[in-house]
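A.B. asks: This is the structure, below, for whatever I ask next.
The values are calculated or read from the model by the stated rules, or taken from the named source; none is laboratory data. As the structure is a prediction and not an experimental result, all values here were calculated from the model. Using ideal geometry, Cβ is built from the backbone for each residue, glycine included, and neighbour counts are taken over all protein chains shown. Protein only, heavy atoms only, side chains kept; ligands, DNA and RNA dropped before computing areas. Shrake-Rupley method; radii C 1.70, N 1.55, O 1.52, S 1.80 Å.
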Amino acid sequence: MPPLRTALLQSSGQPGDVAANLTVLADAAERAAATGARLLVAPELFLTGYAIGDDVPRLAEPADGPSAEAVAALAARHGLAIVYGYPERDPERHGVVYNSAQLIGADGTRSANYRKTHLFGCFEQKWFTPGEQAVVQAELDGVRLGMMICYDVEFPENVRSHALAGTDLLLVPTAQMHPFQFVAESVIPVRAFENQMYVAYVNRTGPEGEFEFVGLSTLAGPDGTARARAGRGEDLVFGEVDPAFLAASRENNPYLRDRRPGLYGSLV
């Protein structure tokens, strides 16, 4: 299989303005497709903005809502799969909103929807309900994609669950803020190495409400190196997810083969 060219959109868009953020996404999709990318990943809560407070319930949409339809049309037009973060309203449970990320396939179909399982801080815990499904996966061009959101990736058990489920590329829309930039710089490459996968960690940037997002979006490879990394400002960066390199790395790295699960019962 040829490498999967992946685009990481580092942007905070315009918080509170869904239409403007869809325009930013459309521009990024056009630019990404022009380079041959097959996958575009946007940050956590990109559709609405992160620090939107009381507007969370108003701006939340169901997974198949009007913004999902707009992104689907965009994906199909460019032949490009798109992952974006958004507040998901559960139509079957009144008042329940999830911090979610959705994958729209390159043909415009909804391929996967993930609800953040580990909520960070008082803001998220006030407005969102935690998801209950740790491993959500989909296929793209023969690459098995997995999904998480921000804080989720900081729990090693979470990522190991994906490794054991065969995830090749873990997609992590994020809203990483100061002073936790070491996660992008150090934790993400280590997660990729210890679990033998690629990890695309895609961040917001700049000030937003009480938060200061640090950028540094990263595509890390199974050798523990950053294959692509953004700076601190708005950016669109590209990296290759190479299935052949991943297979060779897994053959040479014994971590998953040398596990002794019988010793780890106390973890759960």
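A.B. asks: Quick query: amide H of residue 212 versus all other amide H atoms, modeled in the peptide plane; which residues come in under 5 Å with a sequence gap of 5 or more or a different chain?
C.D. replies: 178
A.B. asks: To the nearest 20 debye, what is the magnitude of the charge dipole of segment 19-80 about its Cα centre, counting +1 on the Cβ of each Lys and Arg and -1 on the Cβ of each Asp and Glu? Could you put the intermediate results ahead of the total?
C.D. replies: Numbers: 4 positive and 8 negative charges, 62 e Å.
Charge dipole of segment 19-80: 300 debye, to the nearest 20.
A.B. asks: Something else about it: Semi-axes of the equivalent ellipsoid of the chain: what are they in whole Å, largest first, if each equals the square root of 5 times a C-alpha gyration tensor eigenvalue?
C.D. replies: On the way: eigenvalues 144, 92, 63 Å².
Each semi-axis is the square root of five times an eigenvalue, giving 27, 21, 18 Å.
A.B. asks: Could you tell me whether segment 29-87 comes out rounded, prolate or oblate from its Cα gyration tensor? Rule is a ≥ b ≥ c as square roots of the eigenvalues, rounded for a/c under 1.5, then prolate if a/b exceeds b/c, otherwise oblate. Spell out each step's value before the answer.
C.D. replies: Working: a/c = 3.50, a/b = 1.94, b/c = 1.81.
Here segment 29-87 falls in the prolate category.
A.B. asks: Residue by residue through segment 24-29, what is 3J(HN,Hα) from phi via Karplus (6.51 cos²θ - 1.76 cosθ + 1.60, θ = phi - 60°)? Round to whole Hz and write x for glycine and proline.
C.D. replies: Values, residue by residue: 4, 5, 4, 5, 5, 5 Hz.
A.B. asks: Would you please give the FRET efficiency between residue 161 and residue 58, computed as 1/(1 + (r/R0)^6) with r the Cβ-Cβ distance and R0 = 41 Å, to the nearest 0.05?
C.D. replies: So the FRET efficiency works out to roughly 0.75.
A.B. asks: Per residue, how much accessible surface does the chain expose to a 1.4 Å probe? Answer in Å², no decimals.
C.D. replies: Roughly 41 Å² per residue, with all protein chains present.
A.B. asks: Give me the percent of accessible area attributable to carbon and sulfur for the chain, probe 1.4 angstrom.
C.D. replies: Details: 5770 of 11070 Å².
The nonpolar share, carbon plus sulfur, comes to 52 percent.
A.B. asks: Tabulate in residue order the Karplus-calculated ³J(HN,Hα) for segment 50-63, using 6.51 cos²θ - 1.76 cosθ + 1.60 with θ = phi - 60°, rounded to whole Hz; enter x for Gly and Pro.
C.D. replies: Those phi angles translate into 8, 8, 10, x, 4, 7, 4, x, 5, 8, 5, 9, x, 4 Hz.
A.B. asks: Right, another one. On the Cα set of segment 124-194, report Rg and Dmax in Å, please.
C.D. replies: When restricted to the Cα atoms of segment 124-194, Rg and Dmax are 12.8, 39 Å.
A.B. asks: Next up: Run the dipole for the chain about the Cα centre, Lys and Arg Cβ at +1, Asp and Glu Cβ at -1, nothing else charged, and hand back the magnitude in debye, nearest 20. Mind showing how you got there, number by number?
C.D. replies: Details: 22 positive and 33 negative charges, 114 e Å.
It comes to approximately 540 debye.
A.B. asks: For the chain, what is the percent of antiparallel DSSP beta bridges, rounded to the nearest 5? Walk me through the numbers on the way to the answer.
C.D. replies: On the way: 35 of 50 bridges.
If we restrict to bridges inside the chain, about 70 percent are antiparallel.
A.B. asks: OK, next. Roughly speaking, what is the stretch gain from residue 17 to residue 181, that is 0.36 nm per residue apart minus the C-alpha to C-alpha distance, in nm to one decimal? Present the calculation step by step, with values, prior to reporting the outcome.
C.D. replies: On the way: separation 164, 0.36 × 164 = 59.04 nm, distance 2.67 nm.
Stretched fully, the residue 17-residue 181 segment lengthens by 56.4 nm.
A.B. asks: Eigenvalues of the Cα gyration tensor times 5, then square-rooted: what semi-axes does that give for segment 126-268, in whole angstrom, largest first? Present the calculation step by step, with values, prior to reporting the outcome.
C.D. replies: On the way: eigenvalues 129, 73, 38 Å².
Equivalent ellipsoid semi-axes, largest first: 25, 19, 14 Å.
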